[in-house]
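Accompanying notes for the structure given below.
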Amino acid sequence: MKILVKTSMKLLFRTRAFWFFLLLTPFLSTLILKTKFDSSAAYISGFTEEVNELAGADEKVAYFGGKGEYVVKVYDASMNVLSDHILDKLAKSGLFFVCRADISGEDTDIAEYINSRLEKDGFEDRMGAAILIDRDFEEKALGGNAGEALTFYILSEDKRSEALEREITFQLSKLTGFVSDAKMRNRNVSAQDIVDQMNIADEILPKKEVVTVAGSNGRNLSKEQINVKTQIGYAFAFMTLGFVFCGIFVAHTSIREQKNGVYTRISLTGTSTLKYFISKFIIVFFISLIMTGVVALYSIILSEKDLGMSRLSYLAMIFMMGLIFGSISMLIGILMGDVMSANVAAFTIWCMSALLSGLYFPLDYSSVMLKALSFMMPQKWFLEGTEMLFSVDNRVFPMLICITAAYLAVILSLGSLGLKIRRTDSWGNS
């Protein structure tokens, strides 16, 4: 077995493409970890207790409700401090996602405009409800008739519509109450005065305290940790590309040995199929070790803050992931017995596994079937391990070791069985 490993390693080191993936993919993975960007919006719920200003009435709001938020689209033709205050209170209630479109510049009749607008949005957009604030909202509000200048449209069967209606009624009645109080005192007040008085009154009320709890997985990551996790996901994507093709290069040597009759001569020496396949796995082991060493060398420019974990933990995950993907691509290549088919299969494995594992975008809100497929991908478990390391969960490495051992056991079994089948077929054809 020593001779088999030594000979294959020499052939591998003579391959220029092998050195390309060995040196480039660790560099790209390190570079993506060094580049800082904010990707938390894709993982943290898009809900915000602020009024979201739209670029215009044509902007779609359906995208804001992708995670179950109750979206309210507001057509504001008034755009004054009173409408600002009312919408701010709706948003801060924590129940609704408020999006406002400024239509104060529309020259057409507001009633005709909103009818055509809602008819269009009913087909091309999706929201829980819509609110129209008329041009004379401030005038009507200071006259004690704010409800006459605000129209509420229910556009879904969501039960939260009732809560929205009650909240609007409460805010308008509060506004009317302050205006009536000012009239009783024979005071001439402006819209800003009314808003100031309502803000003073709100300060007396108990403050709402938002407590963030962990999700179903029991882990609650900060915004910074989510950003680092996303970057590590991209780094894993580059590294798996390198491991997959390095494994394919090992398979190329085996394919040549099968076609040139070398494998047959090796079998005649008494070397079992399992032993032959294990020799190729040992090569993958050394390649994973070498590539992890290259990652360690490049990671000198990274701090533990960039990684979000200890350097040793990160390198250990890279090494175990390398063993899995190098072995999988080697298995596929050996079983296919053709260099071109093996290359296409390797690239397909890399693309699909990275996509389904959630390396590029979260799959938390995907279908049950897609989630089940995701947990069949090795990268998914290493992303879970990343979260566990961020949460200082001591079970992370026992879990990853078991996952790695399970994949390798299946790969070794299928590899030796596949070679036996191919050998039997070749004898039958001859």
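The values are calculated or read from the model by the stated rules, or taken from the named source; none is laboratory data. Given the structure is predicted, the values throughout are model-derived calculations rather than measurements. Counting neighbours? That spans all protein chains shown, and the Cβs are built from the backbone with ideal geometry, glycine included. Ligands, DNA and RNA are stripped out before the accessible areas are found, and what is left, the full protein with its side chains, is counted by its heavy atoms. Shrake-Rupley method; radii C 1.70, N 1.55, O 1.52, S 1.80 Å.
The table below lists the values:
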| item | result |
| --- | --- |
| Of residues in segment 262-283 being in a helix (DSSP H, G or I) and open to solvent by 40 Å² or more (accessible area, probe 1.4 Å), the one modelled with the highest pLDDT | I282 |
| Residue within segment 170-177 that is at pLDDT 85 or above, more than 29 Å from L54 (Cβ to Cβ) and in a helix (DSSP H, G or I) present | yes |
| Every residue from segment 50-82 that is within 14 Å of L132 (Cβ to Cβ) and either part of a loop (DSSP other than H, G, I, E, B) or modelled with pLDDT under 90 (or both) | A57, A77, S78, M79 |
| Restricting segment 1-49 to residues that are in a loop (DSSP other than H, G, I, E, B) and over 30 Å from L95 (Cβ atoms), the residue that is modelled with the lowest pLDDT | M1 |
| Qualifying residue in segment 329-347 (condition: small (G, A, S) and over 24 Å from T273 (Cα atoms)) | no |
| S104 being surrounded by fewer than 20 Cβ atoms within 10 Å (Cβ to Cβ) and either out of contact with any helix residue (DSSP H, G or I) (no Cβ under 6 Å at 6 or more places or on another chain) or outside any strand (DSSP E or B) (or both) | yes |
| Segment 178-201, residues that are over 11 Å from L142 (Cβ atoms) and of a type in the set (D, E) | D181, D196 |
| Tally, over segment 50-81, of residues that are closer than 24 Å to A149 by Cβ and not polar (S, T, N, Q) | 19 |
| Residue list for segment 295-312, filter: in a helix (DSSP H, G or I) and open to solvent by less than 20 Å² (accessible area, probe 1.4 Å) | V295, S299, D306, L307 |
| Complete set of residues in segment 142-163 that are open to solvent by less than 40 Å² (accessible area, probe 1.4 Å), closer than 18 Å to T176 by Cα and either part of a helix (DSSP H, G or I) or of a type in the set (A, V, I, L, M, F, W, C) (or both) | A146, A149, L150 |
| Leading residue by the ranking (surrounded by the fewest Cβ atoms within 10 Å (Cβ to Cβ)) among those in segment 359-415 that are touching a residue at least 24 places away in the same chain (Cβ under 8 Å), over 16 Å from L221 (Cβ atoms) and touching a Lys or Arg at 6+ places or on another chain (Cβ under 9 Å) | Y365 |
| Yes/no for L412 being modelled with pLDDT of 85 or more, within 30 Å of L312 (Cα to Cα) and of a type in the set (A, V, I, L, M) | no |
| Matching residues in segment 118-141 - criterion: being surrounded by fewer than 21 Cβ atoms within 10 Å (Cβ to Cβ), closer than 18 Å to G56 by Cβ and over 30 Å from the mean Cα position of the chain (by Cα) | L118, E119, K120, R135 |
| Tally of residues being surrounded by 19 or more Cβ atoms within 10 Å (Cβ to Cβ) and of a type outside the set (A, V, I, L, M) across segment 330-342 | 1 |
| Condition broken by E167, with the remaining ones in (1) open to solvent by 80 Å² or more (accessible area, probe 1.4 Å); (2) within 24 Å of D181 (Cα to Cα); (3) at pLDDT 90 or above satisfied | (1) |
